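Read through the structure below, which is laid out as structure tokens, and then see the notes.
The values are calculated or read from the model by the stated rules, or taken from the named source; none is laboratory data. Keep in mind that what you see is a predicted model, and the values were worked out from it rather than measured. Cβ placement follows ideal geometry from the backbone for every residue including glycine, while neighbour counts extend to all protein chains displayed.
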Amino acid sequence: MEHENRVTRKIAFGLLVSILLLPLAGNLAAQEAQKMKKFLTKPLVIEDQGSFFVGGVPKVTNYAIVPAADQKPSPNQIIIGQMYVQFEIPVNKKRNAPPVIMVHGSSHTAVCLESTPDGREGWYPYFVRKGLSTYLVDQAGRGRSGFDESVIHEAAVMLKNGDIQRGTALMPAFGRISDNTAWTNWFGQLLPPGSTILDGTLVRHGDPGDAQHSEHYFPAYPISTVDQNVVSRTGAIGGVPKGPDDYFALEYYKQLVPNAEVTLPGSTCAACDPTTISPANTWTPQDLALLVEKLGGAIVATHSQSGLMGHHMVRILKERGHLDMLKGLVTIEGSCSLSNSGLKAEDFDNIPYLALKGDYNMMMLGTNNLEVADVILNWVDTNIPPRNKNGKNKELISSASTRKVASK
């Protein structure tokens, strides 16, 4: 009997502890929920998502890895030039709407299209929410697409063996947008003119002293979203910029990466002027053409540096007889040249084309990013599939349609 009472008391005590802990667990869960900021404007319903690679070629080289000191280089095979693709397919698809492929620009990856630095919904989920199957890519040689490290290893061996001329020529020169270059390109100035970040000061557009924009005309961008550890220079390497400290600590700067596509080989194009094509305009256009073909047709939206890649993709599709698979081309703040990409104006007669220009380059991350997305989506609704009988469309959205000033 006493044993049964002890068991009963233990069970009762256990139940009491559980009951007492339930509110505590609920409070902890509520506190955790308060810490987590929702990026999406509302729940996103999809039927499929995933990732894959397109393109790429095998390369056999003695320089894929650096051998140990007691080993000789040996041949290995690696794949180079491939392109990473991620996608989401909505449950409720817009009728007759082709999928959209989004391509980032220089020193960026597909991250810039997923969400904003201050934790708001990006173009990628927003387009899916609007019923468009959407595909993001990392340019060939960039981000998750990988790059060809073997050329660096090979150049290092040449330099070590005294072959300075060939080693220097082979060693790739990585380009990238630095933090302060991003600032002076889009958000403000470094003053006084001719100064460096160690003795000059970053000034925001619209602030007193800014000579490029009228007072109170501020960038529509989440400049106030900063990393406090970077502000305090925790673990910093090298000199200390003059400041302001917040302007050197934007969360956005973490998205900037080297343009590692320079490790890939270039190509030639007889129809292009010049005929020598850079690695950037060789591999990503090839992979984009493959992706358009794989999807059975798509709209392609390029940004900044990738604008010219979009034109080279058009040329490749034309050469393959698949130009009809390109359902629309959107060039956002893009660099384009028909002669450089071997094209003529009439090549676009049956391709709906939108050229979009705004007040600053990174509009997909701005405080009005979804408003800009709506400009593109409305154009897609109006022009794809083409509404006029011969399929021609030359509509151009003016820069005025994307102008908006952020509040201070």
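Some points to look at:
- Strands (runs of 3 or more DSSP E) lying entirely in the stretch 70-124 (those with 1 or more residues that are in contact with a helix residue (DSSP H, G or I) (Cβ under 6 Å, 6 or more places away or on another chain)): 83-90, 100-103
Yes or no, residue by residue, for (1) assigned by TED's automatic domain parsing to the domain that holds ARG142; (2) in contact with a helix residue (DSSP H, G or I) (Cβ under 6 Å, 6 or more places away or on another chain); (3) crowded, with 23+ Cβ neighbours inside 10 Å:
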site	(1), (2), (3)
PRO222	no, no, no
GLN228	no, no, no
THR234	no, no, no
ALA249	no, yes, no
ASN281	yes, yes, yes
LEU295	yes, no, no
GLN305	yes, no, yes
MET313	yes, yes, yes
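- Residue, nearest to the chain's Cα centre (by Cα), within the stretch 233-252, restricted to residues that are within 24 Å of CYS112 (Cα to Cα) and free of Cβ contacts under 8 Å to residues at least 60 places away in the same chain: ALA249
Every residue, every condition in (1) buried (at least 20 other Cβ atoms within 10 Å of the Cβ); (2) of a type in the set (A, V, I, L, M, F, W, C); (3) assigned by TED's automatic domain parsing to the domain that holds ARG142, yes or no:
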| site | (1), (2), (3) |
| --- | --- |
| GLY55 | yes, no, yes |
| ASP70 | no, no, no |
| ASN76 | no, no, no |
| MET102 | yes, yes, yes |
| GLY105 | yes, no, yes |
| GLU121 | yes, no, yes |
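- Filtered by the rule that a residue be of a type outside the set (Ser, Thr, Tyr) and under 30 Å from VAL292 (Cβ atoms), the stretch 48-72 gives ASP48, GLN49, GLY50, PHE52, PHE53, VAL54, GLY55, GLY56, VAL57, PRO58, LYS59, VAL60.
- Filter result for VAL230 (farther than 30 Å from ASN281 by Cβ, at pLDDT 95 or above and within 24 Å of the chain's Cα centre (by Cα)): yes
- Screening SER224 on (1) without any contact (Cβ under 8 Å) to a residue 12 or more places away in the chain; (2) among the polar types (S, T, N, Q); (3) not in a helix (DSSP H, G or I) shows it passes everything except condition (1).
- Matching entry among ASN259, ASN281 (being in contact with a His (Cβ under 6 Å, 6 or more places away or on another chain) and under 21 Å from ASP148 (Cβ atoms)): ASN281
- Applying a threshold of 7 Å to beta carbon distances and a minimum spacing of six or more residues, or different chains, the list of pairs starting in the stretch 177-199 at a residue that is outside the structural domain of GLY105 (by TED's automatic domain parsing) and under 10 Å from TYR253 (Cβ atoms) and ending at one that is polar (S, T, N, Q) and part of a loop (DSSP other than H, G, I, E, B) reads ILE177/SER106; ILE177/SER107.
- Sole exception among (1) over 25 Å from HIS108 (Cα atoms); (2) touching an Asp or Glu at 6+ places or on another chain (Cβ under 8 Å) for PRO222, by number: (1)
- PRO285 satisfies every condition listed in (1) free of Cβ contacts under 8 Å to residues at least 40 places away in the same chain; (2) out of contact with any helix residue (DSSP H, G or I) (no Cβ under 9 Å at 6 or more places or on another chain) except (2).
- Summed over the stretch 22-56, the residues that are among the charged types (D, E, K, R) and at pLDDT 90 or above give a count of 3.
- All positions within the stretch 305-328 that are without any contact (Cβ under 8 Å) to a residue 24 or more places away in the chain and in a loop (DSSP other than H, G, I, E, B): GLY321
- Single condition ALA169 does not satisfy, out of (1) part of a loop (DSSP other than H, G, I, E, B); (2) surrounded by fewer than 19 Cβ atoms within 10 Å (Cβ to Cβ); (3) of a type in the set (A, V, I, L, M, F, W, C): (1)
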